[in-house]
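Q: Please read through the structure below; I'll follow up with questions.
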Amino acid sequence: MPDAAKTDLKSLLKDPSLLADAAYVNGDWIRGEEGTFDVVNPARGDVIAQVADLSRAQIGKAIDAAHAAQKDWAQWTGKERAKVLRKWFDMMMENQDDLGTILTAEQGKPLAEAKGEIAYGAGFIEFFGEEAKRIYGETIPGHQRDKRITVLKQPIGVAASITPWNFPNAMITRKAGPALAAGCSFVARPAKETPLSALVLGVLADRAGIPKGVFNVVTSSKSSDAGKEFCENPKVRKLTFTGSTEVGRILLKQAADQVMKCSMELGGNAPFIVFDDADLDAAVEGAITCKFRNNGQTCVCANRIYVQSGVYDAFAQKLKDRVAQMKVADGFEEGAELGPLINAEAVDKVEDHITDARAKGAEVILGGQKGESGLFFDPTIVTGATPEMKFSTEETFGPLAPLFKFETVEEVIELANDTIFGLASYFYAKDLSRVTQVQEALEYGIVGVNTGLISTEVAPFGGVKQSGLGREGSHHGIEEFLEMKYVCTSV
Ligand SMILES: NC(=O)C1=CN([C@@H]2O[C@H](COP(=O)(O)OP(=O)(O)OC[C@H]3O[C@@H](n4cnc5c(N)ncnc54)[C@H](O)[C@@H]3O)[C@@H](O)[C@H]2O)C=CC1
Ligand SMILES: O=C(O)[C@H](O)CS(=O)(=O)O
């Protein structure tokens, strides 16, 4: 990594006290029995913090604290929980600039995008704070004259979360919001690459008045330790994971021994389809949003772009002209649109997909090479993509847009569905019968129609097939943290 400017993170913050490097357990800030691990700015390669590295035993103590706190937290009324969650939301938004700065420093995304993530992430706390007042049970007409049937909704208990580095704020709040609203307590284990955004949530939870032990952040460099403790500790009743399908499988196997309730938001391989009756300019803008958001490092990014033959060349040219204008730069640089990738492995994967595609006949019409320094990569477009190429079956998770040509609706639906994944999909078309046919035929949990951006707290986000289990966001999202109890009373 070439010598670059050092990141003096504290000096960039309006409120430096937001920056924490100890783990947040039971309302206390604790050091790690395993020492510390480094947090690196991916744009510059410099160490920006050294964070507490907790042992598995310390993670177990955080679970004990969450277990002890949960019983009383569940006694709070929904309205009382709503009030403190609203305060947490307000404090996130009041400190949006600083939370965005911390996020850009450790994850690399452009500052404007990082601030956008803070608003997106805070939106889950706001939304589920409101839902806390609307957890309804039901009465059911008895099956006998002397029987009365009621259904109660009660919090599951201690919820444990493992989240990825690509949305280090929103992936936690998308879980903690409904969990706390439901009356659960929460132990978050963030990715080792991006712990600071999780720790600042602990700082603000404390300031907002969330009781000690209800929200905890355990930082550790050994990811499997947390996973095993969460899956094997009998005090944990719910595991909620966001990350790769590969790790999701590992966790599901580990959770099986306790038959633990799991929510899984896993990998994707999103098709982005442009039909010949599409608004091409809109489709180009949608493709850019969908492909290059977070530098292609989202599970809902377009991974395969299918363009009908009649508009293939026009779309490819328009896309190339627009992408060529995108600014690749340090996330703190004015006007930056594409920051660095998270690590060298991510760069290697993008390079590998391009090399593979070229070897199998694709043409690189834009980009195709690493940036001038470190972890930057030029936004890349390839034409002549075919199902034999790696990006047809593997998630690139980087700024690579492969363009496939197709002839008929039937052909492209078959191509789009030919994957083990089923998270997000997108298409651009105008004909109503075609829109209806395609949205029903796509085997995905999410379908964007004439839009490349589907992320919102008010909708049920989640995948089918090997992209996951359960839904996050919308009024459905709170069900993941509730148990349903059937009460039969003889009168
Ligand atoms: N469906 C969704 O909402 C999302 C899916 N992803 C997927 O995740 C991948 C990229 O993100 P990464 O963080 O690299 O994914 P990853 O699956 O390698 O890591 C995710 C989290 O799991 C932890 N982890 C890794 N191995 C573990 C183990 N054996 N036990 C317990 N925890 C473990 C990591 O430290 C990290 O905190 C891509 O495949 C992407 O599509 C990422 C974000 C959102
Ligand atoms: O981590 C991800 O990729 C997110 O789930 C994508 S989104 O929530 O921002 O759509």
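Q: Can you tell me how many residues in segment 114-163 are within 16 Å of ligand 2 (Cβ to nearest atom), of a type outside the set (Asp, Glu) and free of Cβ contacts under 8 Å to residues at least 60 places away in the same chain?
A: Result for segment 114-163: 7.
Q: Inspect segment 95-113 for any residue being farther than 19 Å from residue 198 by Cβ, acidic (Asp, Glu), part of a helix (DSSP H, G or I) and in contact (Cβ under 8 Å) with a residue 24 or more places away in the chain and give the result as yes or no.
A: No: zero hits.
Q: While we're looking at this one, here's another question. Might you let me know whether segment 217-232 holds any residue that is within 26 Å of residue 456 (Cα to Cα), within 11 Å of ligand 1 (Cβ to nearest atom) and in a loop (DSSP other than H, G, I, E, B)?
A: Within segment 217-232, none of the residues are within 26 Å of residue 456 (Cα to Cα), within 11 Å of ligand 1 (Cβ to nearest atom) and in a loop (DSSP other than H, G, I, E, B).
Q: Out of segment 156-192, which residues are more than 23 Å from residue 68 (Cα to Cα) and either near ligand 1 (Cβ under 10 Å from one of its atoms) or among the basic types (Lys, Arg) (or both)?
A: If the condition is that a residue be more than 23 Å from residue 68 (Cα to Cα) and either near ligand 1 (Cβ under 10 Å from one of its atoms) or among the basic types (Lys, Arg) (or both), then 163, 164, 165, 166, 167, 168, 170, 171, 174, 191, 192 are the ones that fit.
Q: Does residue 315 qualify as being of a type outside the set (Gly, Ala, Ser), more than 16 Å from ligand 2 (Cβ to nearest atom) and part of a helix (DSSP H, G or I)?
A: It is true that residue 315 is of a type outside the set (Gly, Ala, Ser), more than 16 Å from ligand 2 (Cβ to nearest atom) and part of a helix (DSSP H, G or I).
Q: Same structure, new question: Taking segment 337-349 as the region of interest, how many residues are in contact with a helix residue (DSSP H, G or I) (Cβ under 8 Å, 6 or more places away or on another chain) and in a loop (DSSP other than H, G, I, E, B)?
A: Qualifying residue count, segment 337-349: 5.
Q: Conditions first: (1) touching a Leu at 6+ places or on another chain (Cβ under 6 Å); (2) within 12 Å of residue 51 (Cβ to Cβ). Residue 230 passes all but one, so which condition is the exception?
A: Evaluating residue 230 over (1) touching a Leu at 6+ places or on another chain (Cβ under 6 Å); (2) within 12 Å of residue 51 (Cβ to Cβ) leaves (2) as the failure.
Q: Something else now. Pull up segment 442-479, narrow it to residues that are in contact (Cβ under 8 Å) with a residue 24 or more places away in the chain, in a helix (DSSP H, G or I) and away from ligand 2 (no atom under 15 Å from the Cβ), then point me to the one that is nearest to residue 174 (Cα to Cα).
A: Only one residue tops the list, namely 478.
Q: Sticking with this one: So, residue 167, is that one hydrophobic (A, V, I, L, M, F, W, C), in contact with a Leu (Cβ under 8 Å, 6 or more places away or on another chain) and assigned by the TED database to the domain that holds residue 112 or not?
A: Spelling it out, it is not the case that residue 167 is hydrophobic (A, V, I, L, M, F, W, C), in contact with a Leu (Cβ under 8 Å, 6 or more places away or on another chain) and assigned by the TED database to the domain that holds residue 112.
Q: Where residues in segment 164-181 are near ligand 2 (Cβ under 10 Å from one of its atoms) and outside any loop (DSSP other than H, G, I, E, B), which of them is farthest from residue 193 (Cα to Cα)? Reasoning before the result, please.
A: Residues of segment 164-181 that are near ligand 2 (Cβ under 10 Å from one of its atoms), as a first pass: 164-168, 170-171, 174.
If we keep only those that are outside any loop (DSSP other than H, G, I, E, B) as well, we get 170-171, 174.
Values: 170: 15, 171: 14, 174: 19 Å.
Per the criteria, the residue is 174.
Q: So residue 132 passes all but one of these: (1) part of a helix (DSSP H, G or I); (2) within 22 Å of the chain's Cα centre (by Cα). Which condition number does it fail?
A: (2)
Quick grid of which residues meet (1) under 22 Å from residue 409 (Cβ atoms); (2) within 11 Å of ligand 1 (Cβ to nearest atom):
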{"position": "244", "(1), (2)": "no, yes"}
{"position": "274", "(1), (2)": "yes, no"}
{"position": "282", "(1), (2)": "yes, no"}
{"position": "294", "(1), (2)": "no, yes"}
{"position": "299", "(1), (2)": "no, yes"}
{"position": "303", "(1), (2)": "yes, yes"}
{"position": "310", "(1), (2)": "yes, no"}
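Q: Specify which of the listed residues (313, 279, 321, 257) is of a type in the set (Asp, Glu) and closer than 30 Å to residue 158 by Cα.
A: 257
Q: Let me ask something additional. When you check residue 72 against the structure, is it out of contact with any helix residue (DSSP H, G or I) (no Cβ under 7 Å at 6 or more places or on another chain), acidic (Asp, Glu), modelled with pLDDT of 95 or more and farther than 21 Å from residue 154 by Cβ, yes or no? Full working, then the answer.
A: Numbers: out of contact with any helix residue (DSSP H, G or I) (no Cβ under 7 Å at 6 or more places or on another chain): yes; acidic (Asp, Glu): yes; modelled with pLDDT of 95 or more: yes; farther than 21 Å from residue 154 by Cβ: no.
Criteria not met by residue 72.
Every residue, every condition in (1) within 16 Å of ligand 1 (Cβ to nearest atom); (2) in contact (Cβ under 8 Å) with a residue 60 or more places away in the chain; (3) touching a helix residue (DSSP H, G or I) at 6+ places or on another chain (Cβ under 6 Å), yes or no:
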{"residue": "351", "(1), (2), (3)": "no, no, no"}
{"residue": "365", "(1), (2), (3)": "no, no, yes"}
{"residue": "390", "(1), (2), (3)": "yes, no, yes"}
{"residue": "396", "(1), (2), (3)": "yes, yes, yes"}
{"residue": "400", "(1), (2), (3)": "yes, yes, yes"}
{"residue": "414", "(1), (2), (3)": "no, no, no"}
{"residue": "434", "(1), (2), (3)": "no, yes, no"}
{"residue": "440", "(1), (2), (3)": "no, no, no"}
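Q: Which residues, taken from segment 366-417, are of a type in the set (A, V, I, L, M, F, W, C), assigned to a loop (DSSP other than H, G, I, E, B) and within 26 Å of residue 44 (Cα to Cα)? First the steps, then the outcome.
A: The first filter runs over segment 366-417 and keeps only residues of a type in the set (A, V, I, L, M, F, W, C), leaving 366, 375-377, 381-382, 385, 389, 391, 397, 400-401, 403-404, 406, 409, 412-413, 415-416.
This time we only want the ones that are assigned to a loop (DSSP other than H, G, I, E, B), so: 375-376, 385, 389, 397.
Across segment 366-417, the qualifying residues are 375, 376, 397.
Q: Restricted to segment 417-461, and to residues that are among the aromatic types (Phe, Trp, Tyr) and under 24 Å from residue 284 (Cβ atoms), which residue is surrounded by the fewest Cβ atoms within 10 Å (Cβ to Cβ)? Please lay out each step first, then the result.
A: Residues of segment 417-461 that are among the aromatic types (Phe, Trp, Tyr), as a first pass: 421, 426-428, 444, 461.
From what's left, under 24 Å from residue 284 (Cβ atoms): 426-428, 444.
Details: 426: 29, 427: 27, 428: 27, 444: 25.
Filtering segment 417-461 for residues that are among the aromatic types (Phe, Trp, Tyr) and under 24 Å from residue 284 (Cβ atoms), the one surrounded by the fewest Cβ atoms within 10 Å (Cβ to Cβ) comes out as 444.
The values are calculated or read from the model by the stated rules, or taken from the named source; none is laboratory data. Here the structure is a predicted model, which means the values were calculated and not measured. All Cβ positions, glycine included, derive from the backbone under ideal geometry; neighbour counts span all protein chains shown.
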